[in-house]
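So the structure is just underneath, and the comments pick up after that.
The values are calculated or read from the model by the stated rules, or taken from the named source; none is laboratory data. The model shown is predicted, which means the values in this text are computed figures rather than measured ones. Heads up, the Cβs are rebuilt from the backbone with ideal geometry, glycines too, and the neighbour counts pull from every protein chain shown.
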Amino acid sequence: MGVFCVAFTMRVSPRDSVLHDRMLLLQIQTYQKEGSRVVAADLDGWPKPPMVGRHVPDIMVEFHGKVVYNEVETCETIELPETREQLEDFAEWATLHVTIPQSCLDTARRITAERGIEVETFWPYGGT
C-alpha cells in the first residue's frame with residue numbers, strides 16, 4: 001500500500017501576506033526591545049523555527065525564561081481551520097503568544113476560548 005501526504009496551503013491575498021510579514025518583523029523587534037532572545041523566525045534572514053506538531057511557528061523566542069511560540073495571524077487568516085490547528089499544536093508544546101490586528105482581537109480570543117487553546121498573551125497590532 002502506498003503512502004501519500006496531504007499538505008494544506010493557506011490562501012491569503014498579497015496585501016495580507018505583506019501585513020503578516022510587517023507584523024512578524026514588528027513582533028520580533030518588540031521581543032528584542034524587552035530583552036528577550038529571538039531564537040528563530042519564519043522570515044528571510046532568520047533561522048527557521050523547528051516543526052512543532054504539524055506546523056512551523058512564526059517565531060520561537062526565549063521570553064522571561066521560557067520557550068514561547070508566537071503565531072502571527074491576520075483578520076483574514078484567524079478563522080481558517082488551518083490556523084486553529086496550528087494554534088492547538090503550538091499550545092500543546094510550549095507557551096503560546098498570538099500577534100493579531102486590534103480590529104480582530106475579540107475574534108481571536110473567542111476562537112481560542114471555544115477551542116480550549118491556552119494563549120498566554122495576545123499582542124494586538126494597531127498599524128496598517
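Among the numbered conditions (1) within 17 Å of residue 23 (Cβ to Cβ); (2) touching a residue at least 24 places away in the same chain (Cβ under 8 Å), tell me where residue 45 comes up short.
In the conditions (1) within 17 Å of residue 23 (Cβ to Cβ); (2) touching a residue at least 24 places away in the same chain (Cβ under 8 Å), residue 45 misses (2) alone.
If residue 99 satisfies every condition in (1) within 10 Å of the chain's Cα centre (by Cα); (2) under 18 Å from residue 16 (Cα atoms); (3) part of a helix (DSSP H, G or I) but one, which is the exception?
The one condition residue 99 does not meet is (3).
Before we move on, is residue 90 at pLDDT 95 or above, within 14 Å of the chain's Cα centre (by Cα), of a type in the set (Phe, Trp, Tyr) and surrounded by fewer than 21 Cβ atoms within 10 Å (Cβ to Cβ)?
Numbers: at pLDDT 95 or above: yes; within 14 Å of the chain's Cα centre (by Cα): yes; of a type in the set (Phe, Trp, Tyr): yes; surrounded by fewer than 21 Cβ atoms within 10 Å (Cβ to Cβ): no.
No: the conditions fail for residue 90.
Here is a list of conditions, (1) part of a loop (DSSP other than H, G, I, E, B); (2) buried (at least 16 other Cβ atoms within 10 Å of the Cβ), and residue 69 meets all of them except one; can you say which number that is?
Of the numbered conditions (1) part of a loop (DSSP other than H, G, I, E, B); (2) buried (at least 16 other Cβ atoms within 10 Å of the Cβ), the odd one out for residue 69 is (1).
Conditions tested, residue by residue: (1) more than 23 Å from residue 117 (Cα to Cα); (2) modelled with pLDDT under 95; (3) surrounded by 14 or more Cβ atoms within 10 Å (Cβ to Cβ); (4) not β-branched (Val, Ile, Thr).
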position: 8; (1), (2), (3), (4): no, yes, no, yes
position: 14; (1), (2), (3), (4): yes, yes, no, yes
position: 32; (1), (2), (3), (4): yes, no, no, yes
position: 37; (1), (2), (3), (4): yes, no, no, yes
position: 41; (1), (2), (3), (4): no, no, yes, yes
position: 47; (1), (2), (3), (4): yes, no, no, yes
position: 56; (1), (2), (3), (4): no, no, yes, no
position: 73; (1), (2), (3), (4): no, no, yes, yes
position: 76; (1), (2), (3), (4): no, yes, yes, yes
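Go through the range 22-66 and give me each residue that's of a type in the set (Asp, Glu) and part of a strand (DSSP E or B).
Within the range 22-66, 62 is the sole residue that qualifies.
Residues in the range 102-128 that are acidic (Asp, Glu) and assigned to a strand (DSSP E or B): how many? Steps first, answer last, please.
Filtering the range 102-128 for residues acidic (Asp, Glu) gives 106, 114, 118, 120.
This time we only want the ones that are assigned to a strand (DSSP E or B), so: none.
Residues flagged as acidic (Asp, Glu) and assigned to a strand (DSSP E or B) within the range 102-128 amount to 0.
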